[in-house]
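Engineer: Have a look at this one.
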Amino acid sequence: METKAPGKLYIAGEYAVVEPGEPSVIVAVDRVLTVKLTPSDDLGRVFSSEYGLRPVVWTRDDDDSIQLEHRPFDYVMAAIAVTERLRGERGYEPRYFDLHIESELDDSSGRKFGLGSSAAVVVATIAAINDFYALGLTPTERFKLALLSTARVAPRSSGGDLAASTFGGWIRYTSPDRDALLEDLECNETVSETLGSAGWDDFSVTQLPEPETLELLVGWTGSPASTERLVKGVEKRTPVDSTSHEAFLAESRGIVDALVSAMQAQDASRTLELIRAARTLLQGLGETTGIQIETEKLHALCEIAESHGAAAKPSGAGGGDCGIVLAGPETDNDAIFVDWQAAGISRLGLGVYPSCGEADVCDSETDGSEAGDSGAFGSDASDSGASDSDARESEGGEA
Ligand SMILES: Nc1ncnc2c1ncn2[C@@H]1O[C@H](COP(=O)(O)OP(=O)(O)OP(=O)(O)O)[C@@H](O)[C@H]1O
Ligand SMILES: C[C@@](O)(CCOP(=O)(O)O)CC(=O)O
């Protein structure tokens, strides 16, 4: 049994999207993480290069709760624990299984690109367990389980990476109230009840059309950045209720709303204008907070793309990782790649991972209607051409 989940890149709305209901634009990319699940007898193991030479080993307590041997709580175990809890609530018999994880979302030495490996590992793990027990979870239910799992490890995370990895394609995303959901999950409710709780009211995902005349180019700075540390730093310097934070949110909302409209209208020049506005906004946030969002390398990456007529910005929290470029037909992409190489920036040859076709969700539409569909990222995903790594093999100079 094998499931795949793609990585992602933020296009706009970073930092603001951490606030429930604030919009962002994200794209799923065709580098994937693969989880292979095999049934086992009296304990479960997770094999991944992430854990070194030995697997993470888990067992069950008498009360059916998942126990971890020797290791700190992590994303995979959070996904197993939350999905197993739902499995128990739905009355399916517990079984043991091993997971073998392989990822294209780090470079060969294990350095992360910032393509959302933590999200992909959670999404693919949940898809594998869904297939194993034949739980019949919809894409939205799997996203919700992924968000609850992630919130236990990284409560600040907006879950935009999980949405891109679950639904694929280009999406507009707004996050739910993770504090309320965690409280529901920890204190009061079952997982089943939490899937329908009011904490999801601000959550939405809308499919966006792929730009017809703009190409997505991606540059990697070679330095991994800690999203959690950057978000914490920004929050410390602009408290949630401060005027500057309110102004930042309003400006981000204006840019993302306009970007969504421009994308829906296939208005390429307006789209480029708004990518530039999103970059300027993040530069301002960096200046206000003293947090280095646009590092020297990200600055060079963007300026080089701009000098050849494209629009560019850091993707996600910045501080390293990747920058995104939208290039029109008149842009000389090869000239950008040559200049990037001279500046020590690697091109990542990424395409867009296709949408699962289920990405128009707001809370009122969820649960039930898609039951039984394991979605594009269930076991069927291995048949998808887009997850075939051949599809992204490309010219020289790439990481
Ligand atoms: N192949 C894997 N096997 C098991 N766990 C993994 C794997 N890849 C990533 N993870 C989990 O995700 C964590 C990395 O998350 P982190 O947020 O630092 O990176 P990312 O999600 O790739 O980047 P970004 O948040 O910038 O998009 C790892 O510490 C590990 O817990
Ligand atoms: C800054 C933030 O809005 C985006 C983080 O993106 P990334 O994981 O650095 O690619 C944080 C979040 O959405 O959880």
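Engineer: Using only Cα atoms, find the angle between the long axis of helix 243-264 and the longest principal axis of the chain, and express it within 0 to 90 degrees, rounded to the nearest 10.
Structural biologist: That helix lies at roughly 90 degrees to the long axis.
Engineer: Non-local amide H neighbours of Asp360 (under 5 Å, H modeled in plane, Pro and chain starts lacking H): which ones?
Structural biologist: Excluding prolines and chain starts, which carry no amide H, the hits are Gln207.
Engineer: Quick one: what are the phi-derived ³J(HN,Hα) couplings along region 35-46, Karplus 6.51/-1.76/1.60 with θ = phi - 60°, whole Hz, x for glycine and proline?
Structural biologist: With coefficients 6.51, -1.76 and 1.60, one gets 10, 9, 10, 10, x, 9, 9, 10, 7, x, 10, 10 Hz.
Engineer: Taking only Cα atoms and a 10 Å spring cutoff, compute GNM fluctuations for the chain and point out the largest among Pro20, Pro94, Pro224.
Structural biologist: Greatest mean-square fluctuation among the candidates belongs to Pro94.
Engineer: How far apart, in nm, are the 7 Å Cα→Cβ label points at His299 and Ser242?
Structural biologist: Label-label distance for His299 and Ser242, simple model: 2.2 nm.
Engineer: Okay, moving on. If amide H atoms are built 1.01 Å from N in the plane of the peptide, which residues on other chains or at least 5 residues away come under 5 Å of the amide H of Asp202?
Structural biologist: Amide H neighbours of Asp202: Asp177.
Engineer: Pop the C-beta distance of Arg156 and Ser65 into the FRET formula with R0 = 25 Å and round what comes out to the nearest 0.05. Spell out each step's value before the answer.
Structural biologist: Values: r = 26 Å, r/R0 = 1.02.
After rounding to 0.05, the efficiency reads 0.45.
Engineer: Also, quick follow-up: With a 1.4 Å probe and all protein chains left in place, how much of the accessible area of the chain comes from carbon and sulfur atoms, in whole percent? Don't jump to the answer; show the numbers that get you there.
Structural biologist: Numbers: 7220 of 15650 Å².
Result for the chain: 46 percent of the exposed heavy-atom area is carbon or sulfur.
Engineer: Turning to a different aspect of this structure: By how many nm would the segment from Gln266 to Ser108 grow when fully extended, if each residue of separation counts as 0.36 nm and the alpha-carbon distance is taken off?
Structural biologist: Working: separation 158, 0.36 × 158 = 56.88 nm, distance 3.70 nm.
Here the segment from Gln266 to Ser108 would lengthen by 53.2 nm.
Engineer: For the pairs Lys36/Lys236; Lys36/Lys232; Lys8/Lys236; Lys112/Lys313; Lys36/Lys313; Lys112/Lys144, note any where the Cα-Cα span goes beyond 30 Å. Don't skip to the end; give the middle numbers.
Structural biologist: On the way: Lys36/Lys236 40 Å; Lys36/Lys232 34 Å; Lys8/Lys236 26 Å; Lys112/Lys313 19 Å; Lys36/Lys313 35 Å; Lys112/Lys144 25 Å.
Violating the 30 Å Cα-Cα cut-off are Lys36/Lys236; Lys36/Lys232; Lys36/Lys313.
Engineer: Please identify, among Ala127, Ala180, Ala278, the residue showing maximal mean-square fluctuation in a Gaussian network model of the chain using a 10 angstrom Cα cutoff.
Structural biologist: Ala180
Engineer: If you count only protein heavy atoms with a 1.4 Å probe, what accessible area per residue comes out for the chain, rounded to a whole Å²? Present the calculation step by step, with values, prior to reporting the outcome.
Structural biologist: On the way: 15650 Å² over 399 residues.
About 39 Å² of surface per residue is accessible.
Engineer: Before rounding to the nearest 500, sum -39500 (n - 2.57) across all DSSP H runs of length at least 4 in the chain and divide by the residue total; then give [θ] at 222 nm in deg cm²/dmol.
Structural biologist: Working: 11 runs with 143 residues, N = 399.
Taking each H run of at least 4 residues, the total per residue is -11500 deg cm²/dmol.
Engineer: For a quick check of your reading of the filter: which chymotrypsin sites (Phe, Trp or Tyr not before Pro) in region 95-184 sit in a DSSP loop and have no more than 13 other Cβ atoms within 10 Å?
Structural biologist: Values: sites: Tyr96, Phe97, Phe113, Phe132, Tyr133, Phe143, Phe167, Trp170, Tyr173; in loops: Phe113.
Here no loop site has a sparse enough neighbourhood.
Engineer: For Met1, what accessible area in Å² do you get when you roll a 1.4 Å probe over the heavy atoms of the protein chains, rounding to the nearest 10?
Structural biologist: Rounded to the nearest 10, that gives 100 Å².
Engineer: Hey, rough spin-label estimate for Glu183 and Leu43, points 7 angstrom out along Cα→Cβ, what's it come to in nanometres?
Structural biologist: About 3.9 nm, to one decimal.
Engineer: In degrees, nearest 10, range 0 to 90: what is the angle between the Cα axis of helix 296-307 and the longest Cα principal axis of the chain?
Structural biologist: 60 degrees
Engineer: Could you go through region 174-180 in sequence order and give the Karplus-derived ³J(HN,Hα) for each residue, using 6.51 cos²θ - 1.76 cosθ + 1.60 with θ = phi - 60°, rounded to whole Hz, and x for Gly and Pro?
Structural biologist: 10, 8, x, 7, 5, 4, 5
Engineer: With angles folded into 0 to 90 degrees, how steeply does helix 227-237 sit against the dominant principal axis of the chain? Use alpha carbons for both and round to 10.
Structural biologist: So the inclination is approximately 70 degrees.
The values are calculated or read from the model by the stated rules, or taken from the named source; none is laboratory data. Just so you know, these numbers come straight off a predicted model, no measurement behind them. Please note: Cβ atoms are built from the backbone with ideal geometry, for glycine as well, and neighbour counts cover all protein chains shown. In case anyone asks, the SASA skips ligands and DNA or RNA and just uses the protein heavy atoms, side chains included. Shrake-Rupley method; radii C 1.70, N 1.55, O 1.52, S 1.80 Å.
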